[in-house]
Amino acid sequence: MPQSTAKPWAGRFARATDSQVETFTASVHFDGRLYPYDIQGSQAHARGLHRAGVLSEEECETLVKGLAQVRARIDSGEAEWDASLEDVHMNIEAMLVAEVGEVGKKLHTGRSRNDQVATDLRLYARAAQAQLDAEAHALQSVLVERAQAEAETLMVGFTHLQTAQPITLGHHLLAWYEMLRRDRQRLADAFRRTNTLPLGAAALAGSGYPVDRQYLAELLGFDALCDNSLDAVSDRDFAIETCAVLSLLMVHLSRMAEEIILWASPAFGWVDLPDEYCTGSSLMPQKKNPDVLELIRGKSARVGGHLHALLMLMKAQPMAYNRDNQEDKEPLFDSVDTTLACLSVLRAVVQAMEFDRERLREAAAGGYSTATDLADALVARGVAFRDAHHITGQIVAHAAKQGVTLDALKPEEVQQFSPAIDAGLLESLTPERSVAARGLHGGTAPDAVRARAAQAREELAAGPLAMPEQP
C-alpha cells in the first residue's frame, strides 16, 4: 500500500529528521499490536466529531468505513508498517488517507496522539485483564475439580519445609485456588480503574471542539470519564497496576510450580508429571526434567522486573505527557503475554499430573506429624498446653531414639512422661484422625474440603470478567 512518509508535524521544521533519530524514536515495531484499539478509538472519534458538527454524516461514514477497510488489510497481513511514520497511530492515519483520500486528514481534528494513545492503551489493558481473568478462572476450575477428587488423600503439610501436620491433598490444591481468587479480585479492581476514558483530553488542555465525551465513553464501553485532561494524558497508573497484579499472580504461579517440582523429584516421588510437559538431558539419559515449571518460576522474575521498570519510568515525569511513556508498552505487553502463557501451561500440567497416594500417605505418617494431636489430647485430659507441649517433645525425642512412630509406642514406655497417656490415646495418633479433627471452615478435613470446593464452584459459576457491551 503506498504511504506518504512526510511527518504530520513537519510544518514547523526546516530540515528532515536524522535517520538515526527516526530509528531511535520509532515504536511501530512494538506498538503496532495496538492497531485494533486505535481503529476502534478512531471510529468513535469520527462519530464524536460528526455529533459535534465538525464532520458531515457522509464524511463520518467514509472515515468509519475506511478505518474498517484499513483494519481488514492489517488483519490479512496485506498492509505494511512504515517505521518513518514513527508509530501505529500515524501509520493508520496514512493508510486511511491512502484508502479514502483527503477526508482522511480530517480525522485527527480535536485530538492529540496523547489522548489517542492513552485511549488505545486502556482499551488494550482492559481486554488483556479480561483475558487474563479467563485464564486464571480456567486454572481455578481445574484446581477445584482435582481438589474434590483428592479430598481424602493424605499428605504432609510443611512449615519451614519441615514436617508439620497431616493435611489432605485437596486442601493443599484449594490453597492454590485461594491465591488465584485474590489475583482475580485484584484484576477486577484494576479493570474498574482502567475503564475510564481519556479521549477528549487532546494534548493536555482538553479538546477545543464541542465533543460529547460521555457519548464517546458509551461508544467505547467505558464506565466513566477521566476528570482532568492533564492527568488523562499522563496517567499510566492502570499499566503499573496491571503489572503489579501480574507480578503477584506470577509469584503465586512460581510458588505452585516450585511445589510441583519438589513433589516430582525422586526424593519426594509424590507426583508423576506428563511426558509432554517435561524435557530430557543431553547427557544423562535417565533424566525427566520439569523445565516447563522451572520456566514459570523464572519468568516470574521477568514480570516483576517489568513492574519495577514502569515504576522507575514514571517516578520523575512532570505533567503532562512525555515521550518517556513510549517505554510503557513493552513491559505491559510482555507481562501480559508471559502471564497468559504461564497460566495456560500450568493448567495443562495440573490437569494431567498423577499423584502417588501411597507415598503421600507414607509422608503424612512420617516425621512425627501427629505430635500436635498428642499435645491436644493431653490438653483434653486436663494438662496445661505448655506442659503438654513439653511432654510431647520429650516423647518425640524418645520415639526418634527408638526409630518408631508415635502410634507404635507402648503406653508403659511413655507414662514416665505423663500418666495421662494410655494405649487408646497412642492408637488415635494417625494421620486420618488428625485431619478428621480439623473440620472447621477452612480446615483440612475431607468434609471441610468438599464443602469449600462446593463453594468454590459456586464462585466460579459467575464466570470471568466480562468486556463492556458496545453499541
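For the reader, a short list of remarks on this structure follows.
- When residue 378 is tested against (1) over 27 Å from residue 171 (Cβ atoms); (2) touching an Asp or Glu at 6+ places or on another chain (Cβ under 9 Å), exactly one condition is not met: (1).
- Unique residue being in contact with a strand residue (DSSP E or B) (Cβ under 9 Å, 6 or more places away or on another chain), open to solvent by 10 Å² or more (accessible area, probe 1.4 Å) and not aliphatic (A, V, I, L, M) when the list is 358, 413, 327, 354: 354
- First in the stretch 443-468 and part of a helix (DSSP H, G or I), second anywhere and open to solvent by 40 Å² or more (accessible area, probe 1.4 Å), Cβ under 6 Å, 6 or more apart: 446/152; 447/439; 448/439; 449/171; 453/148; 460/141
- Test for residue 447: is it within 42 Å of the chain's Cα centre (by Cα), modelled with pLDDT of 90 or more and either crowded, with 16+ Cβ neighbours inside 10 Å or of a type in the set (D, E, K, R) (or both): yes
- Test: residue 188 is surrounded by fewer than 22 Cβ atoms within 10 Å (Cβ to Cβ) and not in a helix (DSSP H, G or I): no
- Within the option set 31, 115, being modelled with pLDDT under 95, in contact with a helix residue (DSSP H, G or I) (Cβ under 9 Å, 6 or more places away or on another chain) and surrounded by 17 or more Cβ atoms within 10 Å (Cβ to Cβ) holds for one residue only, 31.
- Of the residues examined, residue 79 is one that is assigned to a loop (DSSP other than H, G, I, E, B), of a type in the set (A, V, I, L, M), over 30 Å from residue 53 (Cβ atoms) and out of contact with any strand residue (DSSP E or B) (no Cβ under 7 Å at 6 or more places or on another chain).
- Pick from the stretch 334-351, criterion open to solvent by 10 Å² or more (accessible area, probe 1.4 Å) and among the hydrophobic types (A, V, I, L, M, F, W, C), ranking: nearest to residue 141 (Cα to Cα): 348
- Residue in the stretch 191-202 that is at pLDDT 95 or above, open to solvent by 50 Å² or more (accessible area, probe 1.4 Å) and within 23 Å of the chain's Cα centre (by Cα) present: yes
- Taking the criterion of being touching a Lys or Arg at 6+ places or on another chain (Cβ under 7 Å), touching a residue at least 24 places away in the same chain (Cβ under 8 Å) and either under 19 Å from residue 217 (Cα atoms) or crowded, with 21+ Cβ neighbours inside 10 Å (or both), the residues of the stretch 37-74 that qualify are 39, 45, 55.
- Lone qualifier among 247, 207, 229 - being among the hydroxyl-bearing types (Ser, Thr, Tyr), open to solvent by less than 70 Å² (accessible area, probe 1.4 Å) and under 24 Å from the mean Cα position of the chain (by Cα): 247
- Cβ-Cβ distances below 6 Å connect the following pairs, each with a first residue in the stretch 86-112 that is farther than 15 Å from residue 70 by Cα and open to solvent by less than 40 Å² (accessible area, probe 1.4 Å), a second residue that is of a type in the set (A, V, I, L, M, F, W, C) and at pLDDT below 95, and a separation of six or more residues or different chains: 86/26; 87/28.
- Set 403, 424: member being closer than 29 Å to residue 171 by Cα, without any contact (Cβ under 8 Å) to a residue 12 or more places away in the chain and over 45 Å from the mean Cα position of the chain (by Cα): 424
- Residue, modelled with the lowest pLDDT, within the stretch 277-335, restricted to residues that are within 15 Å of residue 345 (Cβ to Cβ) and in a loop (DSSP other than H, G, I, E, B): 278
- Members of the stretch 257-276 that are β-branched (Val, Ile, Thr) and either under 25 Å from residue 335 (Cβ atoms) or in a loop (DSSP other than H, G, I, E, B) (or both): 260, 261
The values are calculated or read from the model by the stated rules, or taken from the named source; none is laboratory data. Here the structure is a predicted model, which is why all the values come from computation and not from measurement. Cβ atoms come from the backbone with ideal geometry, glycine included; neighbour counts cover every protein chain shown. For the accessible areas, the whole protein counts, side chains as well, though only heavy atoms, and no ligand, DNA or RNA atoms are used. Shrake-Rupley method; radii C 1.70, N 1.55, O 1.52, S 1.80 Å.
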